[in-house]
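Have a look at the structure below before the remarks.
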Amino acid sequence: MIVTRFAPSPNGPLHLGHAYAAIVAHDLARKRGGTFRLRIEDIDGPRSRPELVEEFFLDLEWLGLTWDGEPAFQSRRLASYAEAGERLKAMGLLYPCRCTRAEIAAAATDAGPDGPIYPGTCRHRDVEPLEAAWRLDVTAAMERAGPLEWLDESAGPQVATPQIFGDVVLLRKDLPAGYHLAATLDDAADGITLVTRGMDLFRASHVHRLLQALLELPVPTWHHHGLLVESDGRKLAKRRGSPSLGDRRRAGEDGRAIADALRAHRFPAGISLSQVLDGGP
Ligand code: GLU
């Protein structure tokens with residue numbers, strides 16, 4: 001039986017792109033008699049706005065989507081992230097780094113999916129770990145894990161190449177976790193068998209596959225769906241005027257009709273579905 005998920009971050013209100021993502025994950029589960037889970041990725045410090053979570057629930061209900069079980073909250077799972085972080089440290093695969101973004105940008109010679117690739121400045125340095133971020137030594141980690149593959153339902157089998165990100169931050173300086181570690185641990189904890197999310201995170205799956213190998217977690221299949229983009233090809237974003245679901249709900253629009261239009265790929269003028277944006281295979 002498949003288990004899918006929708007994992008929004010309460011950093012801003014949901015918009016049509018989130019609705020599409022939630023519908024894909026929901027409908028895949030429902031069509032295959034599976035389970036659809038909701039996870040609130042609320043560990044972005046001051047960017048996380050708890051008051052938005054209740055809005056998310058109302059938005060999803062308005063779209064006619066129901067989820068199974070209680071929603072998971074990342075903020076309640078910090079201890080499990082910290083424990084996994086300690087295991088990776090004990091394997092000798094993490095190192096502390098206090099470099100600033102500006103220092104990294106000045107020293108980097110290559111760009112990866114998330115911007116300048118960290119040039120490894122602190123890899124062999126003696127860095128004070130207090131208030132440091134912890135990076136994964138990706139070369140050492142890949143040597144330990146050996147060759148890895150993963151499967152995207154649409155794009156087919158993939159060879160894991162987490163090296164394209166360089167030594168990613170796994171534990172942020174303000175938290176015992178970061179996106180990659182938390183999402184990977186949560187997908188395992190929630191029994192997700194089909195990781196459903198947008199193509200913008202396609203390449204992040206290389207890192208997640210490596211973490212699964214290192215932490216001996218079950219390996220799901222992935223389903224990276226297309227992203228709703230504006231006519232300039234950029235992802236929908238509230239800050240560029242895409243109305244939030246909450247605004248449309250309060251204005252009395254019919255959420256179920258909106259959901260059905262998205263299912264039929266009938267998008268508002270100027271909006272289309274891109275299969276390649278930021279990280280196609
Ligand atoms: N929280 C992420 C977002 O809102 C999604 C992460 C994921 O699906 O793995 O974009």
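Some points to look at:
- Between segment 29-43 and segment 47-75, the alpha-carbon center distance in angstrom: 11
- The separation of segment 79-125 from segment 204-226, counted between C-alpha centres, amounts to 19 Å.
- When the helices of the chain are scored as -39500 (n - 2.57) per DSSP H run of n ≥ 4 and the total is divided over every residue, the value at 222 nm lands at -10000 deg cm²/dmol.
- With Cα atoms, 0 to 90° folded angle of helix 179-189 axis to the chain main axis: 70
- Close amide H contacts of Arg5 (hydrogens built in the peptide plane, cut-off under 5 Å, sequence separation of 5 or more or a different chain): Arg37, Thr196.
- Each DSSP beta bridge with both residues in the chain is either parallel or antiparallel, and the antiparallel ones are about 55%.
- For the chain, the fraction of 1.4 Å probe accessible surface lying on carbon and sulfur atoms is 52 percent.
- With a Förster radius of 35 Å applied to the beta-carbon distance between Glu128 and Val219, the computed FRET efficiency rounds to 0.45.
- For the chain, averaging the sequence separation of C-alpha pairs within contact (under 8 Å, six or more residues apart) and dividing by the residue count gives a relative contact order of 23 percent.
- Max mean-square fluctuation residue, GNM over the chain, Cα-Cα springs under 10 Å, options Phe267, Phe36, Phe165: Phe267
- Residues in segment 156-176 reached by a label modelled at Glu86 [backbone nitrogen below 17 Å; 7 Å Cα→Cβ]: 171-172, 175-176
- Burial order of peptide ranges 10-20, 137-147 (average beta-carbon count within 10 Å, highest first): 10-20, 137-147
- Segment 164-180 and segment 181-203 have Cα centres spaced 16 Å apart.
- Cysteines in the chain lacking any other cysteine Cβ under 4.7 Å from their own Cβ: Cys99.
- Summing Lys and Arg as +1 and Asp and Glu as -1 over all other residues whose Cβ lies under 9 Å from the Cβ of Trp134 gives a net charge of +4.
- Placing +1 on the Cβ of every Lys and Arg and -1 on the Cβ of every Asp and Glu, with no other charges, gives segment 1-67 a dipole of roughly 420 debye about its Cα centre.
- In order through segment 19-24: 3J(HN,Hα) via Karplus (6.51 cos²θ - 1.76 cosθ + 1.60), integer Hz, x for Gly, Pro: 4, 4, 4, 5, 5, 4
The values are calculated or read from the model by the stated rules, or taken from the named source; none is laboratory data. What you see is a predicted model; the values in this text were computed from it and never measured. Cβ: placed from backbone, ideal geometry, glycine included. Neighbour counts: every protein chain shown. These accessible areas exclude ligands, DNA and RNA; they are computed on the full protein's heavy atoms, side chains included. Shrake-Rupley method; radii C 1.70, N 1.55, O 1.52, S 1.80 Å.
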